Amino acid sequence: GQQVMQIPQYQHVQEGEDFTTYCNSSTTLSNIQWYKQRPGGHPVFLIQLVKSGEVKKQKRLTFQFGEAKKNSSLHITATQTTDVGTYFCADGGGTSYGKLTFGQGTILTVHP
Amino acid sequence: NAGVTQTPKFRILKIGQSMTLQCTQDMNHNYMYWYRQDPGMGLKLIYYSVGAGITDKGEVPNGYNVSRSTTEDFPLRLELAAPSQTSVYFCASSYSSGHEQYFGPGTRLTVT
């Protein structure tokens, strides 16, 4: 079945450093959603990318969708301790009733 | 709006016991989902529903059952609990396919 691979699994950074997580699929993604889960919390929607080559920004977060729609990335500039958590990408599955296929997530630790 | 609510927050079951995890949303969403999350893993879809009276299996349905008699409620039933069902269970809802999903706070289940 559809698999979404996410790397790295873990990332430790010093506060102020940048952070990037990558999401890859062997098949074309219809759309990609990104979620953040704080420790002990639940996933919270960040953004959805639909178009090939799309780039969206939310303050210090930059999201990209690859030209071939087989990969995506999330980049955080100048991390803060509030960025701590697990970042998931998910294949939106097109018209398949909104079923999401999640990557395994990247756990971000930010050292003050 | 309370969003998506789940009960209980925590539960310990003995092997072979049964229980129902409750999920309610007050956003009038047609689409609802049940996921399980194991440590260090992404979320796996158990069951989903696209409206009252309509349910279907996700990626990991074995050992679970669902029903959807109203738009608001989507309970998940565990029959004959097994240690492999130890996990955190999240319920989610969305307006439609291709829209963001709203997650509940989760139920942490331990089967011993």
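The values are calculated or read from the model by the stated rules, or taken from the named source; none is laboratory data. In this text, all values refer to a predicted model and were calculated from it rather than measured experimentally. Using ideal geometry, Cβ is built from the backbone for each residue, glycine included, and neighbour counts are taken over all protein chains shown. Heavy atoms of the whole protein, side chains included, go into the accessibility calculation; ligands, DNA and RNA do not. Shrake-Rupley method; radii C 1.70, N 1.55, O 1.52, S 1.80 Å.
Packing here is the average count of other Cβ atoms within 10 Å per residue, and on that basis the peptides A:49-60, A:4-15, A:64-75, highest first, run A:64-75, A:4-15, A:49-60.
Would you work out the charge dipole size for chain A about its Cα centre, treating the Cβ of every Lys and Arg as +1 and the Cβ of every Asp and Glu as -1, and quote it to the nearest 20 debye?
Roughly 320 debye, rounded to the nearest 20.
Shielding of peptide B:102-112 by partners, expressed as the average count of other chain Cβ atoms within 10 Å per residue Cβ, is 2.
Pop out the carbon and sulfur fraction of the accessible area of the protein assembly as shown as a percent, whole number, probe 1.4 Å. Answer for the protein assembly as shown: carbon and sulfur cover 51 percent of the accessible area.
Across chain A, the relative contact order, built from alpha-carbon pairs under 8 Å that are at least six residues apart, equals 37 percent.
For chain A, what is the percent of antiparallel DSSP beta bridges, rounded to the nearest 5?
90
Given R₀ = 45 Å, what would the calculated FRET efficiency be for B:Glu79 paired with A:Thr109, taking r from the Cβ atoms and rounding to 0.05? So the FRET efficiency works out to roughly 0.70. Annotation: the antiparallel percentage among DSSP beta bridges lying fully within the protein assembly as shown is about 90.
Inter-chain neighbour count for B:33-39: the average number of beta-carbon atoms from partner chains within 10 Å of each residue's beta-carbon is 2. Take region A:63-107 with all the other protein chains still there, run a 1.4 Å probe, and you get 35 Å² of accessible area per residue. Once C-alpha pairs closer than 8 Å and six or more residues apart are averaged by separation and normalised to the residue number of chain B, the relative contact order reads 36 percent. Once the whole set of protein chains is in place, how much accessible area is left on B:Arg68, using a 1.4 Å probe, in Å² to the nearest 10? Counting only protein heavy atoms, B:Arg68 exposes about 10 Å² to solvent. Using a 1.4 Å probe on protein heavy atoms, which residues of region A:5-46 have at least 40 Å² less accessible area in the complex than alone? Buried by 40 Å² or more upon assembly, which counts only protein chains, are A:His42, A:Pro43, A:Phe45. For B:Lys57, the lysines whose Cα comes closer than 22 Å to its Cα, not counting residues fewer than 8 places off in the same chain, are A:Lys99, B:Lys44. Highest average first, the peptides B:53-61, B:7-15 ordered by how many other beta carbon atoms sit within 10 Å of their residues are B:53-61, B:7-15. Peptide B:88-101 is shielded by partner chain Cβ atoms: per residue, an average of 5 of them sit within 10 Å of its Cβ. Please name the residues of region B:43-62 whose accessible area, counted over protein heavy atoms with a 1.4 angstrom probe, falls by no less than 40 Å² between the chain alone and the full protein assembly. Correct list: B:Leu43, B:Tyr48.
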